[in-house]
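Engineer: Here you go, one structure.
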Ligand SMILES: [Zn+2]
């Protein structure tokens with residue numbers, strides 16, 4: 001099949017599909033035959049026959065070593081990267097090997113893995129697009145199925161996990177994410193070193209037992225070498241970190257502390273709104289949720305006006321909001337000892353305030369005082385917004401993967417999108 005032919009200084013340059021294939025995907029023990037149109041295909045489909053090079057010996061799929069040929073099976077089709085929206089298949093008659101070590105086995109071919117019907121190049125191609133698009137968009141764009149895209153991502157993730165390097169980790173963060181409408185939890189561990197941020201591990205639920213698996217994966221040497229571990233206040237995480245990474249400075253993450261405080265404010269607002277309603281007062285707290293929770297720089301004009309209105313009332317919700325705004329100063333301190341002094345004063349003030357959810361928050365901060373102050377020790381070594389940033393990306397990915405029903409698929413999508421997993425050195429990048 002001739003793709004292009006044009007006159008060049010009187011001579012004709014012929015570019016054949018075979019020439020291109022040898023350029024982008026050359027296998028030294030095999031040769032490409034003459035491409036042809038597939039018969040009975042529902043859309044234009046190119047078939048490229050492949051033959052073993054003369055005198056080449058097949059490779060045993062059991063041990064990976066060459067052995068004497070035994071016989072040949074029926075032709076198999078392997079889907080390759082599509083060309084101009086036309087499907088491309090390699091057609092090859094598999095040989096069997098009479099292996100002295102493994103017995104009679106089917107040969108191993110370099111363009112595909114095991115029983116996969118998709119070539120490695122096509123799998124990497126689909127996996128590459130599945131990072132940019134959702135899985136169903138990828139499937140639709142390349143006329144393939146969701147399952148093929150899933151399998152391609154699975155292939156890329158397995159390859160990446162097997163080839164990645166975990167040595168030299170210094171800072172990690174642990175976080176949780178809810179999915180399936182909040183019914184299920186996953187525990188996520190990130191690398192949060194200043195120069196390297198990636199998702200390292202995903203575990204079921206958020207139990208001690210599950211989180212210990214992560215440290216098993218790291219191994220003793222890497223765990224002992226950790227300098228910083230960042231987490232929220234979840235007891236199971238605190239226990240495991242204390243036991244498995246005893247030398248690391250354990251930091252309670254700013255993002256999670258402020259998120260917890262926002263929960264307290266929201267609880268105050270909800271209780272108070274119900275109380276006002278029950279007592280027959282005007283509904284001043286209606287539509288106040290976001291103006292109370294948002295930081296000043298994120299508020300809309302309407303929310304600012306609403307807040308100004310609310311400030312005229314001596315409401316618990318407003319006082320809780322002001323307590324949080326006051327607490328923001330904590331993060332500005334340069335010295336841990338001054339920050340500690342501020343923390344003590346702030347919690348004392350809040351404990352006198354008679355606002356129960358905020359008092360509970362103050363108590364929590366008090367009982368984790370040391371870990372919270374570690375934030376100041378680690379500042380500079382790890383970037384403070386990294387856990388929050390990763391958390392947002394995780395939410396984005398799980399939302400994009402709206403069609404995922406199984407935990408396996410969610411995990412694959414997260415590793416693929418956020419794992420910064422290595423890829424082979426391709427001779428040609430198809431995507
Ligand atoms: Zn063998």
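Rule-based calculations on the coordinates, nothing more; no lab input. It should be emphasised that the depicted structure is a prediction, and the values quoted were computed from it without experimental measurement. Here the Cβ positions follow ideal geometry from the backbone for every residue, glycine too, while neighbour counts run over all protein chains shown.
Engineer: Hey, could you check region 96-122 for residues that are more than 16 Å from the ligand (Cβ to nearest atom) and outside any loop (DSSP other than H, G, I, E, B) and say which is farthest from residue 46 (Cα to Cα)? Even if it seems obvious, please write down each step before you answer.
Structural biologist: The initial filter retains those residues of region 96-122 that are more than 16 Å from the ligand (Cβ to nearest atom), namely 110-113, 115-122.
Now restrict to residues that are outside any loop (DSSP other than H, G, I, E, B): 118, 120-122.
On the way: 118: 15, 120: 18, 121: 16, 122: 15 Å.
Ranking the candidates gives 120 first.
Engineer: Here is a follow-up. I'm trying to understand the selection: among the residues of region 144-158, which are more than 15 Å from the chain's Cα centre (by Cα) and farther than 13 Å from residue 125 by Cα?
Structural biologist: 145, 146, 147
Engineer: Considering only residues that are under 29 Å from residue 226 (Cβ atoms), in contact (Cβ under 8 Å) with a residue 12 or more places away in the chain and surrounded by fewer than 15 Cβ atoms within 10 Å (Cβ to Cβ), which ones fall in region 132-164?
Structural biologist: Within region 132-164, the subset under 29 Å from residue 226 (Cβ atoms) is 156-164.
When the remaining residues are screened for being in contact (Cβ under 8 Å) with a residue 12 or more places away in the chain, the result is 156-157, 159-161, 163-164.
Selection gives 163, 164.
Engineer: If we scan region 73-95, do we find a residue that is under 27 Å from residue 152 (Cβ atoms) and within 16 Å of the ligand (Cβ to nearest atom)? Quick ask: steps written out before the conclusion?
Structural biologist: Step one: of region 73-95, the residues under 27 Å from residue 152 (Cβ atoms) are 73-95.
So of that shortlist, the ones also within 16 Å of the ligand (Cβ to nearest atom) come out as 94-95.
Yes, the conditions are met somewhere in region 73-95.
Engineer: Taking the stated definitions as given, is residue 419 surrounded by 15 or more Cβ atoms within 10 Å (Cβ to Cβ) and within 30 Å of residue 25 (Cβ to Cβ)?
Structural biologist: Numbers: surrounded by 15 or more Cβ atoms within 10 Å (Cβ to Cβ): yes; within 30 Å of residue 25 (Cβ to Cβ): yes.
In short, yes.
Engineer: Please specify each residue of region 89-132 satisfying the condition of being over 31 Å from the mean Cα position of the chain (by Cα) and at positive phi.
Structural biologist: Within region 89-132, 103 is the sole residue that qualifies.
Engineer: Of all residues in region 42-68, which are touching a strand residue (DSSP E or B) at 6+ places or on another chain (Cβ under 7 Å) and more than 16 Å from the ligand (Cβ to nearest atom)?
Structural biologist: Residues satisfying the conditions are 43, 44, 45, 46, 47, 48, 49, 50, 51, 52, 53.
Engineer: Please find, among 268, 240, 222, 229, the residue that is more than 24 Å from the chain's Cα centre (by Cα) and buried (at least 16 other Cβ atoms within 10 Å of the Cβ). Steps first, answer last, please.
Structural biologist: Details: 240 fails: more than 24 Å from the chain's Cα centre (by Cα); 222 fails: more than 24 Å from the chain's Cα centre (by Cα); 229 fails: more than 24 Å from the chain's Cα centre (by Cα).
Unique residue meeting the criteria: 268.
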